[in-house]
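The values are calculated or read from the model by the stated rules, or taken from the named source; none is laboratory data. Because the structure is predicted, anything quoted here is derived from the model rather than measured. Here the Cβ positions follow ideal geometry from the backbone for every residue, glycine too, while neighbour counts run over all protein chains shown.
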Amino acid sequence: MWYITTYEPVALISLKMATATSTGGKSLLLPTPFAYKMALLGVALSGAGLEQGMALWPHIRDADVAVRGPEQIVANNTFAKIMKPARGKAELDPDTGLIESMNHTIGFREYVQWHGDCRLAIRLPDKNEIDWKQWLTSIHYIGKRGGLLQAVDSFQSATEPDATFTYLTQSHRAFRLDGTLQLMDDCAEDVTFDQVNIYSSKSMRLGKDRILRHVIIPYRQVRSSRGYTLYERIDDTEESAVDTI
């Protein structure tokens, strides 16, 4: 069963791709399967406890995800002052007499604003004892801290999302030449709960446990400047499509 939740942004969202560094990296325009599954796991653990959260993890990990984004997306390009741990031997600051453990530098940041609703669909087992509706509507952030959103409109369930949705976890036979390429991360099929548990010493390896998918989302760049880039959703799913080999 597919569960479809409609979200509106509460603040600007920043979700850099998994390969980005701390000092730079463009933000993804839409949530990735990995980010959505981690957000769902977080509210499931808060609402049902550790034991049930661990039992539900295989269902969340293997779930398919699809998205129908807002009508317009604006990416705000900016530079921000950040601090990074000092490399090498720490030196004494002549002005303060203190040993500085952090260095001041700048980093590129891109913050995304949605103009309109974002509908996210996820395929999960239909079991009466699992309250997916409550947990999916309890998700209040995606990506970095401050990327707040709110569930709105009526919660829906369907046997399959309609043609306006873009599948993020399935291969595509066709793609749009005028779409936008996004590198989205997802969970591998054998990732354990301990690997996603932040209190565990087990880690996830990028490309093996946290896999990357190249997804072309139906958005066209229509305007850009030094400070921002504006994208508009392409609603016609037939024109400018090319079959993959």
Note on region 120-141: residues in a strand (DSSP E or B) and either under 28 Å from Gly24 (Cα atoms) or touching an Asp or Glu at 6+ places or on another chain (Cβ under 6 Å) (or both) are Leu120, Arg123, Tyr141
Only one of (1) part of a loop (DSSP other than H, G, I, E, B); (2) touching a residue at least 40 places away in the same chain (Cβ under 8 Å); (3) touching a helix residue (DSSP H, G or I) at 6+ places or on another chain (Cβ under 9 Å); (4) over 22 Å from Ser22 (Cβ atoms) does not apply to Pro161, and that is (3)
Candidates Met1, Met102 - the one that is more than 25 Å from Arg226 (Cβ to Cβ), among the aliphatic types (A, V, I, L, M) and either touching a helix residue (DSSP H, G or I) at 6+ places or on another chain (Cβ under 6 Å) or at pLDDT below 80 (or both): Met102
Has region 47-65 got at least one residue that is surrounded by fewer than 21 Cβ atoms within 10 Å (Cβ to Cβ), modelled with pLDDT under 90 and either touching a His at 6+ places or on another chain (Cβ under 9 Å) or hydrophobic (A, V, I, L, M, F, W, C) (or both)? yes
Verdict on Lys144 being without any contact (Cβ under 8 Å) to a residue 40 or more places away in the chain, within 30 Å of Asp194 (Cα to Cα) and in a loop (DSSP other than H, G, I, E, B): no
Assess whether Gly116 counts as being surrounded by fewer than 16 Cβ atoms within 10 Å (Cβ to Cβ) and either of a type in the set (Lys, Arg) or within 16 Å of the chain's Cα centre (by Cα) (or both). no
Only one of these conditions is not met by Glu110: (1) within 14 Å of Ile4 (Cβ to Cβ); (2) among the acidic types (Asp, Glu); (3) surrounded by 14 or more Cβ atoms within 10 Å (Cβ to Cβ). Which number is it? (1)
Just one of the numbered conditions (1) over 30 Å from Leu50 (Cβ atoms); (2) of a type in the set (Phe, Trp, Tyr); (3) surrounded by 14 or more Cβ atoms within 10 Å (Cβ to Cβ) is not true of Trp135; which one? (1)
Does region 15-27 include one or more residues that are surrounded by fewer than 16 Cβ atoms within 10 Å (Cβ to Cβ), under 24 Å from Trp114 (Cα atoms) and at pLDDT 90 or above? no
All positions within region 61-106 that are among the charged types (D, E, K, R) and under 30 Å from Gln195 (Cα atoms): Arg61, Asp62, Asp64, Arg68, Lys84, Arg87
Output the number of the condition that Arg87 fails; it satisfies all remaining conditions of (1) more than 30 Å from Asp126 (Cα to Cα); (2) among the charged types (D, E, K, R); (3) modelled with pLDDT of 90 or more. (3)
